[in-house]
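Please read the structure below before turning to the comments.
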Amino acid sequence: MSRFVPSFSTQQLLPPWVSLGAKNWAFILSIEPDCIQDYLDTWFNAPGPDVAPYYWQAMESSRYGVLMVCDHSDFSSERDGVAGYERLAHREVFWFFPVYRYQRTPDNLLTGAPKVVWVQPFALDNNSFVMFSSREIWGCEKDMAVIHAHEGARPDDLHIDIAMEGCKTFTPTSISHRIGVMHMAITPSDKPFPWQEVLDFPGLGALLGDFLADVMSRTQPTDPNEKPLLNVMEINTVKQFRDAFDLRYAAYRAIVASRVTHTVKTDGQFFAPENVTVDFLWSASFADRFTKLFGLTPPAKDWKAHGHPHGKSARSGQEIDWDMPRVSAKVAFAVAFTSDSRFEVLDTLHTYGQKRPA
């Protein structure tokens, strides 16, 4: 008899997932208001082939999103209620923002008060096991990437480099290779954080309130006998599998709700926009994503900047091609904190092509 051999397709990192002592860096970026609604209309509100019993809408004051970098040093499955199963370390980067989700009747009427949920258009990971499990179980649009982070002696001395397989240009002779995609840096400063200046940005106070409440407000009680408070956020994602014979169509498409519960271990450290850099390296492989999701415009044709932004890369000796024009994002501020987090699937909100329950 042949013995069954587990593989990536059968052996998955089963949820719920637990991350202990993760380092988190959140870069709050200013984006065009239409970017969020265009994404929602394309992936959530459009028929596929029917419409979902929900409607997702950008917040009226929503002009910001969060580019998050997480360094998980102790990440595992809590399969069957046992913590520590399939323990590993990995880094991930993802882009997400809060939106309103309304109930929608079959007559296309919106009812009741909206619920605030978070939408995550894409995620990158440096661990293939986590990437495959995210795609197969969660339905997250997660891709493989090289994610290097160099931390200095101070919290405000940070250098992050992200590279992926891609093409700088599309020609008959183009060769796919490892190219730079994003570069992030925080430089030291002894000036106090300009709270009033930051909060004067239109709509930033609302996003900061949602982010603090759902993600990173301090949850450790002063009394050791008290239980820590929890920050809970709901994330909605589109889970789909393309038809093997016609990749223009999805053989399966659904809206999945998941929940992330954060227990923040350290107070957030905030960094002013003049001390934060977020650069996107422009290439044929990623230009469409930069344009649609971040509202960035193509760089000038006579660009002169070559090589890695701001000198050497975070890790020397890596064969990463940085010879591309770069576009800097509008940074509102950045924040760093550590946390214990739990990730779990809540429900499949809607499966397209199936009748709604009566």
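Between the beta carbons of residue 177 and residue 251, assuming R0 = 35 Å, the FRET efficiency works out to 0.65 to the nearest 0.05. Inter-part distance, segment 254-302 to segment 329-343, computed on C-alpha centroids, equals 11 Å.
Listed by chain and number, the aspartates and glutamates whose C-alpha is less than 16 Å from the C-alpha of residue 239, apart from same-chain residues fewer than 8 away, are 41, 50, 136, 141, 143, 344, 347. Long hydrophobic helices in the chain: none of the complete DSSP H runs spans 27 Å or more by Cα along its own axis with mean Kyte-Doolittle hydropathy of at least 1.0.
Would you please report the Å³ per residue occupied by the convex hull of the alpha carbon atoms in segment 230-280?
Values: hull volume 7.8 nm³, N = 51.
Given the Cα convex hull of segment 230-280, per-residue volume reads 153 Å³.
Average 1/r across all pairs of distinct alpha carbons in the chain, invert it, and you get the Kirkwood radius: 21.8 Å.
Extension gain, residue 108 to residue 243, is 45.8 nm, computed as 0.36 nm per intervening residue step minus the present C-alpha separation. The charge dipole of the chain, taken about its Cα centre with unit charges on the Cβ atoms of Lys, Arg (+1), Asp and Glu (-1) only, comes to about 620 debye. Exceedance of the 32 Å cut-off in Cα-Cα distance is limited, within the set 23/292; 115/292; 142/312; 115/301; 168/312, to 115/301.
For segment 253-347, the Cα-based Rg and Dmax, in that order, read 18.1, 50 Å. For segment 110-157, the square roots a ≥ b ≥ c of the C-alpha gyration tensor eigenvalues yield an a/c of 1.5 or more together with a/b not exceeding b/c, which makes the shape oblate. Sorted into 10 angstrom bins from 0, the C-alpha pair distances of segment 1-147 split as 10, 31, 30, 22, 6, 1, 0 percent.
Once you have a ≥ b ≥ c as the square roots of the Cα gyration tensor eigenvalues for segment 28-86, tell me rounded if a/c is under 1.5, and otherwise prolate or oblate according to whether a/b is larger than b/c.
On the way: a/c = 3.72, a/b = 1.56, b/c = 2.38.
Verdict is oblate for segment 28-86.
Test of understanding: given the chain, find the longest segment containing no trypsin sites (Lys or Arg not before Pro) that are in a DSSP loop and have at most 14 other Cβ atoms within 10 Å. It would help to have the intermediate numbers written out before the result.
On the way: sites that count: 3, 248, 301, 304, 312, 315, 355.
Here the longest run is 4-247.
Where a number appears in this text, it was derived from the coordinates with a stated rule and is not lab data. Note that the structure is predicted; figures quoted are calculated from it, not measured. Glycine also receives a Cβ, built like all others from the backbone with ideal geometry; neighbour counts cover every protein chain displayed.
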